[in-house]
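**Student:** Below: one structure in C-alpha cells.
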Amino acid sequence: MGQSKLTGHLAVGGAYIIFGLNIVICKDIANSSVISPISLFTLRAFGASILFWTLSFFCPKEKVSNRDIFLIELASLIGLFIPQLTFLVAIKMTTAIDTSIVGTLAPIFTMFIAAIALKEPITIKKAGGVALSFAGVLFLIFNSVITNNGIDQSSPLGIVLLLVNSLSFATYLGVFRPLITRYSVVTFMKWMFVFSLLFSLPFSAQELLSVDYPAIPGKVKWEIGFLIFFATFVAYFLIPVGQKRIRPTLVSMYSYLQPFIAVIVAIISGLDNLSWQKVLAMTLVVTGVVIVNSSRAAS
C-alpha cells in the first residue's frame, strides 16, 4: 500500500471512530432535551466555520471559481446539512439497533452511486467484499446488548429519515470526489460549513437567541464541545483527506466502525461483553474491507 493510500485509510478510519463516539454522545444530548436538533446542528456549523476560516489564514490562499462555489454549496446541502439534520432528528425517534442497521446500508448506496456518477465498476470482488462486511456488521448488531434509550419501537418517519441520511451522505461521497480533489481540505471545508450554517440559521436563530445557556448541565456543555471540535471540525477535516486518496466505496465502508465503537463503549461501561460472536463479526468486516481495497476498482 502506497503512502498516499495509507494516509487516506488512517484519515477515514480516525474520522469514523469519532463518528462512532458521536452517535453515543448525540443520543445523550437528545435525551437531555436542552436543545433542538436544528439548533445543535447550527452550533456545530458555526463552531466549525470559525475554526476552518481561522485555520485558512495560516494556509496558502486559493481562489475558488464561481462554478465551484455553487457546487460546494450543493455539496454542503447534500453532504452536511441534510445528513446531519436527519440523523439528529431521527435519533430521538428510532431505537439504537434500528439506527445501526439502517446505517449499514451506506456503503451499498455509495457503491451504486459511485458506479453511476464516477463510472466506478462494480466488480464481483468489490460486491463480495461489501456483502461480507455488511453480514459482519449485522451479525455484530444482533449479538450485542444495545439499549433503546427509552424507545420501545422506531417510528416509520424515523426510519425514513435514517434512509435519507444514508442516501444523502452516500451521494456526497459518490459524486463530489472530483470537486474535492481540486482544492485543499481547509479551503473546501471552510466554504462547506459556511453554507451549512446559512442553510440552518433561518430555522434555528430564534431558538438559539432564547436558549438559557447557563442552565445547560456541565456534562452536556462538554458533549456539545466534543461535537463541535472533534465530531465536526476534526472528523470533517479527515474525511476529505481520505476522499482524495481512496475510492468512495472504500471510504463509506469505514462507517462499519461505528457499531464497533458503540459495542466497545458498552463493554467498557459494563453493558455488554466480549464474545466469540463479536470477534467473528469484526473478522468478517475487516476481511470485507481488505477485499474491496484489493479490488482493481478500488485503486
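**Student:** Based on this model, can you work out whether Ser154 counts as crowded, with 19+ Cβ neighbours inside 10 Å, farther than 20 Å from Tyr254 by Cα and either at pLDDT 90 or above or of a type in the set (S, T, N, Q) (or both)?
**Tutor:** yes
**Student:** Within the range 191-220, restricting attention to residues that are at pLDDT below 95 and aromatic (Phe, Trp, Tyr), which residue is surrounded by the fewest Cβ atoms within 10 Å (Cβ to Cβ)?
**Tutor:** It comes out as Tyr213.
**Student:** Can you work out which of the residues in the range 26-37 that are part of a helix (DSSP H, G or I) and surrounded by 19 or more Cβ atoms within 10 Å (Cβ to Cβ) is modelled with the lowest pLDDT?
**Tutor:** Ala30
**Student:** Working carefully through the options Ala131, Ala115, Ala127, find the one that is under 22 Å from Ala262 (Cα atoms) and either assigned to a helix (DSSP H, G or I) or touching a residue at least 24 places away in the same chain (Cβ under 8 Å) (or both). Reasoning before the result, please.
**Tutor:** Values: Ala115 fails: under 22 Å from Ala262 (Cα atoms); Ala127 fails: under 22 Å from Ala262 (Cα atoms).
Just one listed residue meets the conditions, Ala131.
**Student:** So, one more: Of the residues that make up the range 216-236, is at least one touching a Phe, Trp or Tyr at 6+ places or on another chain (Cβ under 8 Å) and aromatic (Phe, Trp, Tyr)?
**Tutor:** The answer is yes; a qualifying residue exists.
**Student:** Return the only residue of Ile97, Ile91 being crowded, with 21+ Cβ neighbours inside 10 Å, at pLDDT below 85 and under 18 Å from the mean Cα position of the chain (by Cα). Quick ask: steps written out before the conclusion?
**Tutor:** Details: Ile97 fails: crowded, with 21+ Cβ neighbours inside 10 Å.
Of Ile97, Ile91, the one residue that is crowded, with 21+ Cβ neighbours inside 10 Å, at pLDDT below 85 and under 18 Å from the mean Cα position of the chain (by Cα) is Ile91.
**Student:** Scan the range 66-75 and give yes if some residue there is farther than 29 Å from Ile216 by Cβ, in a helix (DSSP H, G or I), touching a Leu at 6+ places or on another chain (Cβ under 8 Å) and modelled with pLDDT under 95, otherwise no.
**Tutor:** So far as the range 66-75 goes, no, none of its residues is farther than 29 Å from Ile216 by Cβ, in a helix (DSSP H, G or I), touching a Leu at 6+ places or on another chain (Cβ under 8 Å) and modelled with pLDDT under 95.
**Student:** Further question on the same structure: Considering every residue within the range 151-160, establish whether at least one is within 19 Å of Asp28 (Cβ to Cβ), under 22 Å from the mean Cα position of the chain (by Cα) and in a helix (DSSP H, G or I).
**Tutor:** The answer is yes, given that some residue of the range 151-160 is within 19 Å of Asp28 (Cβ to Cβ), under 22 Å from the mean Cα position of the chain (by Cα) and in a helix (DSSP H, G or I).
**Student:** Out of Pro178, Pro107, I need the residue that is out of contact with any His (no Cβ under 8 Å at 6 or more places or on another chain), of a type outside the set (S, T, N, Q) and crowded, with 21+ Cβ neighbours inside 10 Å. Which one?
**Tutor:** Residue meeting the stated conditions: Pro107.
**Student:** Further, regarding this structure: Considering only residues that are crowded, with 24+ Cβ neighbours inside 10 Å and either closer than 26 Å to Ala114 by Cβ or under 17 Å from the mean Cα position of the chain (by Cα) (or both), which ones fall in the range 263-284?
**Tutor:** Within the range 263-284, just Ala281 meets the criteria.
**Student:** Output the qualifying pairs, or none if there are none: Cβ atoms under 6 angstrom, residues six or more apart or on different chains, first residue in the range 55-74 and surrounded by 13 or more Cβ atoms within 10 Å (Cβ to Cβ), second residue of a type in the set (Lys, Arg).
**Tutor:** As it stands, the answer is Ser56/Lys190, since those pairs meet every condition given.
The values are calculated or read from the model by the stated rules, or taken from the named source; none is laboratory data. The structure presented is a predicted model; accordingly, all values stated were derived computationally and were not measured. For neighbour counting, all protein chains shown are included, and Cβ atoms are generated from backbone atoms with ideal geometry for every residue, glycine included.
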